[in-house]
Amino acid sequence: MNKKTNIESHNDEIVGFCTVKSISVSPQKINLVLDSVRGRKVTDAISTLLFHPKRSAFVVLNAVKNAVSMAKQKKGLFESDLQIHSIYSGLQRIIKQVIPHARGKRGVRKRRSSHIFVGLKKLEPQVKKIKKEVSNGK
């Protein structure tokens, strides 16, 4: 029985996908990087991620490259033919660490980690619409 992953089962137009798990960065910080890449061409996204100032951009870059290599292997597509269809992060687990405070009390530090899911689709060729001149019969 062929079991599809979560990303593949939602959309049939997804050509390549990748999941990266157990990243020690919170999903809120990763979403800042993902928002700058979502919906772009793969070549533009890779060039954006190379010069992004956030630390998590390197992890997202590797995830996009893995999804591209999967699309190359399975469908024989190039980077210029692909677009990022869906990219999102999810919360994996929270490690709670006890921190001592004043007067014998304690605080809790939450260390969040996350997953990244990347789905690519084939870029549709853009067709230019030509405006037709309407001539009146006068």
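So the values come out like this:
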{"quantity": "Residue within the stretch 97-107 that is modelled with pLDDT of 95 or more, touching a Lys or Arg at 6+ places or on another chain (Cβ under 8 Å) and β-branched (Val, Ile, Thr) present", "calculated": "yes"}
{"quantity": "Qualifying residue in the stretch 112-119 (condition: touching a residue at least 40 places away in the same chain (Cβ under 8 Å), surrounded by 13 or more Cβ atoms within 10 Å (Cβ to Cβ), closer than 23 Å to Glu13 by Cβ and in contact with a His (Cβ under 8 Å, 6 or more places away or on another chain))", "calculated": "yes"}
{"quantity": "Selection within the stretch 94-135 - more than 30 Å from the chain's Cα centre (by Cα) and under 30 Å from Gly39 (Cβ atoms)", "calculated": "Lys129, Ile130, Lys131"}
{"quantity": "Yes/no for Ser47 being closer than 23 Å to Leu123 by Cβ, modelled with pLDDT under 95 and either of a type in the set (Gly, Ala, Ser) or assigned to a helix (DSSP H, G or I) (or both)", "calculated": "no"}
{"quantity": "Meets criteria (surrounded by 10 or more Cβ atoms within 10 Å (Cβ to Cβ), touching a helix residue (DSSP H, G or I) at 6+ places or on another chain (Cβ under 8 Å), touching a residue at least 24 places away in the same chain (Cβ under 8 Å) and within 27 Å of Asn31 (Cβ to Cβ)) for Ser86", "calculated": "yes"}
{"quantity": "Positions within the stretch 11-69 being among the charged types (D, E, K, R) and either touching a residue at least 12 places away in the same chain (Cβ under 8 Å) or surrounded by 15 or more Cβ atoms within 10 Å (Cβ to Cβ) (or both), in sequence order", "calculated": "Glu13, Lys21, Lys29, Arg38, Arg40, Lys41, Lys54, Arg55, Lys65"}
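Residue-by-condition table, conditions (1) assigned to a loop (DSSP other than H, G, I, E, B); (2) of a type outside the set (D, E, K, R); (3) under 26 Å from Ser56 (Cα atoms):
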residue	(1), (2), (3)
Ser89	no, yes, yes
Ile94	no, yes, yes
Arg109	no, no, yes
Gln126	yes, yes, no
Ser135	yes, yes, no
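The values are calculated or read from the model by the stated rules, or taken from the named source; none is laboratory data. What you are looking at is a predicted structure, and each value in this text was computed from that prediction instead of being measured. Note: ideal-geometry Cβ built from the backbone for every residue, glycine included; neighbour counts use all protein chains shown.
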